1. Quick one: would you say Ala199 is open to solvent by less than 70 Å² (accessible area, probe 1.4 Å) and at negative phi?
2. Here is a check on your reading of the model: is Pro541 modelled with pLDDT of 95 or more, more than 19 Å from the chain's Cα centre (by Cα), open to solvent by 40 Å² or more (accessible area, probe 1.4 Å) and under 21 Å from Ala563 (Cβ atoms)?
3. If we scan the range 586-605, do we find a residue that is free of Cβ contacts under 8 Å to residues at least 12 places away in the same chain and surrounded by 13 or more Cβ atoms within 10 Å (Cβ to Cβ)?
4. What residue, among those in the range 146-169 that are in a helix (DSSP H, G or I) and small (Gly, Ala, Ser), is surrounded by the fewest Cβ atoms within 10 Å (Cβ to Cβ)?
5. When the range 342-364 is examined, which residues are found to be open to solvent by 10 Å² or more (accessible area, probe 1.4 Å), farther than 30 Å from Asp433 by Cα and in a loop (DSSP other than H, G, I, E, B)?
6. Yes or no: Ala389 open to solvent by 20 Å² or more (accessible area, probe 1.4 Å) and among the small types (Gly, Ala, Ser)?
7. Do we have any residue at all in the range 394-404 that's of a type outside the set (Val, Ile, Thr) and free of Cβ contacts under 8 Å to residues at least 24 places away in the same chain?
8. Among the residues of the range 500-520, write down those that are out of contact with any helix residue (DSSP H, G or I) (no Cβ under 6 Å at 6 or more places or on another chain), closer than 24 Å to Tyr463 by Cα and not in a strand (DSSP E or B).
Amino acid sequence: METLPLQAYILFFVRVLSLLPLAIPFVCARPVHLRCESLVNPLGIDADKPALSWQSDSTERNWTQSAYRILVSNSGAALENGEGNIWDSGRQNGGESVGIPYGGPPVQSRQRYYWTVRVWDSHNHMSTAAESAWWEMGLLQKSNWSAKWIRWDNAEQASDEAAMKWIWVSGEDSTKVKPNSVANFHYEFEVPHKPARAALFLMARGNWKATVNGHDAGAKNNWDQFDRREIAGFLVEGRNIVDITVTVPPAPQFGPGAGPPDSLRVAGLAALIKLTHADGKVERFCTDEKWQARFDPGTTFLNAAAAASFSDRRYAGNYAFLPQPAAQFRKEFTIDKSVTRARLYVTALGAYRAYLNGRQVGTDVLSPGFTMFPKRVQYQSYDVTELLATGHNTVGALLGDGWFASSLSWTGVHFSLPPIPRLIAQLELEYSDGTLDTIGTDQTWKVSPSPILHSEIYAGETYDARLEQSGWSKSGFSDASWRPAVFADAYSGIMSSQVDAPPRVVATLKPERVYPRPDGSFIYDMGQNIVGWAALKVSGPAGTTVRLRFAEILNPDGSIYRANLRNADATDYYTLRGGEGEEIFRPSFTFHGFRYVELTGYPGTPDLSSLSGEVVSSLGGEPAAKLVTSSELVNRMWRIGIWGQRGNFLSIPTECPQRDERVVWMGEAGVFWR
């Protein structure tokens with residue numbers, strides 16, 4: 001058999017390839033990365049004309065889109081058959097592929113819409129349809145909410161607030177005090193044994209510093225809100241001494257009452273020492289005429305005088321409330337049919353974590369995000385179908401202060417509604433037989449204080465693990481001691497679905513080193529300035545309290561530098577439940593900006609595995625582009641910029657992630673938000 005030369009084979013294949021366009025129609029690049037409202041398959045949106053976008057995966061040089069056609073259907077099966085039974089845009093000439101508004105019939109609450117798109121290129125070649133995507137509408141009208149706003153009615157709050165009196169130095173009108181006057185307050189009390197818990201609540205019209213038995217109990221500068229200080233570790237059996245110094249500030253720079261520095265000022269102190277004993281008994285020592293006060297440290301203390309001008313809890317437009325524990329809510333219900341779809345719609349004035357049958361719903365943190373709460377709050381939508389079971393089920397929620405009820409700005413002023421956290425949640429069930437059921441927040445929900453004794457954006461979180469109630473968010477838990485929730489005031493603002501990226505834990509860092517300090521504390525160096533919190537691993541006796549303080553830099557002597565934090569305490573406390581096994585603590589309703597963590601009160605000697613740093617941000621994943629140059633200095637500056645952007649995007653573009661000024665300032669936001 002004669003072998004053909006190589007040139008003949010090449011000529012043959014060239015002829016075959018030249019005939020292929022006649023046999024196989026040319027198909028242009030298929031659309032990819034379909035987005036609705038800039039999100040991938042968003043759940044629970046409320047845009048009346050959702051914006052649709054896509055990209056091309058073409059590798060052809062100078063490829064352009066000349067037309068598109070969008071199909072929207074009520075089912076994935078219909079879409080696969082090429083049916084746009086809700087909306088068919090028809091062929092639309094043009095290269096637009098970003099933000100194309102949906103043009104079909106008005107969208108309906110709760111309905112899921114399936115969509116795809118095909119495009120034509122500049123040669124009029126048509127693509128195959130993109131892989132289908134979907135979006136699902138949320139609750140578009142207030143009438144869709146059958147659930148009610150509920151809250152915890154803390155029976156102790158009224159007792160705590162009623163016991164206190166505003167006091168000042170005897171013989172001086174507290175409404176006409178000279179700026180920079182310094183008043184000293186002194187109080188002694190007896191305790192037969194150390195209490196299980198102890199806190200000092202105080203508020204002063206001025207700058208204050210407090211000590212308990214000579215131990216530093218904190219300080220604030222012109223902070224217009226009650227503060228909470230953990231003092232159980234400072235108390236002794238027998239006589240105890242509290243000393244508080246209040247310095248009257250000059251007239252404020254901003255807001256009502258601003259005036260020249262030499263104008264007379266209003267002054268006063270209100271304080272509560274609250275002890276909780278092992279048997280649950282509560283003991284209170286409050287500011288009254290039994291406290292002693294003086295101006296000159298060299299003079300004799302005299303009984304304090306009442307400052308009657310502070311009898312109203314609302315002063316100068318600010319709401320002053322004692323910090324309250326976070327609350328736990330629960331509701332049991334029964335499912336006796338097959339569930340095909342379940343949605344949980346939930347939000348809070350405060351911050352929440354939702355649970356179903358003991359499992360946390362979603363991975364978001366500090367939800368809802370920051371908004372102008374008197375005008376608008378965002379709700380979140382979750383697909384919880386897989387978390388339900390046939391028979392007994394339990395929905396629960398943990399409710400803390402969050403952005404809404406935290407004291408914001410460097411003076412602690414609330415710019416919102418009265419800072420009483422409240423919750424609304426609506427669990428909607430769709431059964432296989434087509435029937436529907438709704439479990440919404442109302443007075444049938446039960447509520448109890450949680451182990452989170454205090455949670456605030458600037459202050460940090462105080463957690464007592466001895467107060468944990470195992471299984472509280474599961475069925476079968478005995479809630480006989482829990483109280484019914486009460487209805488909260490109706491919310492007059494807009495409830496809109498969340499479309500911005502929620503904060504989440506996006507990375508976990510291990511510390512680079514840990515070293516002891518002469519005072520018995522330990523300093524952890526994370527090796528990187530981050531925003532988030534520390535996760536602590538510890539074991540030891542019940543009642544042991546570990547303190548975590550956060551800082552960005554160190555003093556020359558190796559201690560943490562915190563003067564730049566100003567009125568932000570940035571301190572977490574964890575009290576051990578005790579027993580065998582390792583305990584893990586991470587806060588729920590606060591965040592810190594830090595590189596260094598000071599650990600005090602740790603039982604034993606911690607090592608590098610005892611603590612890690614969890615990075616929290618609304619920016620997940622890595623940047624779309626990276627910069628690498630021959631200059632390590634430029635490379636480091638690039639990485640610093642990325643870390644700075646990651647840290648300052650936590651729900652909103654924040655002013656700072658560490659000190660007492662974390663709300664957005666438009667100058668810095670203008671640099672980043674593009």
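1. Values: open to solvent by less than 70 Å² (accessible area, probe 1.4 Å): yes; at negative phi: yes.
Taking the combined requirement at face value, the residue satisfies it.
2. Details: modelled with pLDDT of 95 or more: yes; more than 19 Å from the chain's Cα centre (by Cα): yes; open to solvent by 40 Å² or more (accessible area, probe 1.4 Å): yes; under 21 Å from Ala563 (Cβ atoms): no.
When the stated conditions are applied, Pro541 does not pass them.
3. No, the range 586-605 contains no residue that is free of Cβ contacts under 8 Å to residues at least 12 places away in the same chain and surrounded by 13 or more Cβ atoms within 10 Å (Cβ to Cβ).
4. Taking the range 146-169 as the starting set, the residues that turn out to be in a helix (DSSP H, G or I) are 155-163.
Still in the list and also small (Gly, Ala, Ser): 155, 158-159, 162-163.
On the way: Ala155: 8, Ala158: 10, Ser159: 13, Ala162: 10, Ala163: 14.
Checking each candidate, the answer is Ala155.
5. Correct list: Thr363, Asp364.
6. Working: open to solvent by 20 Å² or more (accessible area, probe 1.4 Å): yes; among the small types (Gly, Ala, Ser): yes.
In short, yes.
7. Step one: of the range 394-404, the residues of a type outside the set (Val, Ile, Thr) are 396-404.
When the remaining residues are screened for being free of Cβ contacts under 8 Å to residues at least 24 places away in the same chain, the result is none.
No - not one qualifying residue is present in the range 394-404.
8. Pro503, Lys510, Asp519, Gly520
The values are calculated or read from the model by the stated rules, or taken from the named source; none is laboratory data. What you see is a predicted model; the values in this text were computed from it and never measured. All Cβ positions, glycine included, derive from the backbone under ideal geometry; neighbour counts span all protein chains shown. Only protein heavy atoms, including side chains, enter the accessible area calculation; ligands, DNA and RNA are left aside. Shrake-Rupley method; radii C 1.70, N 1.55, O 1.52, S 1.80 Å.
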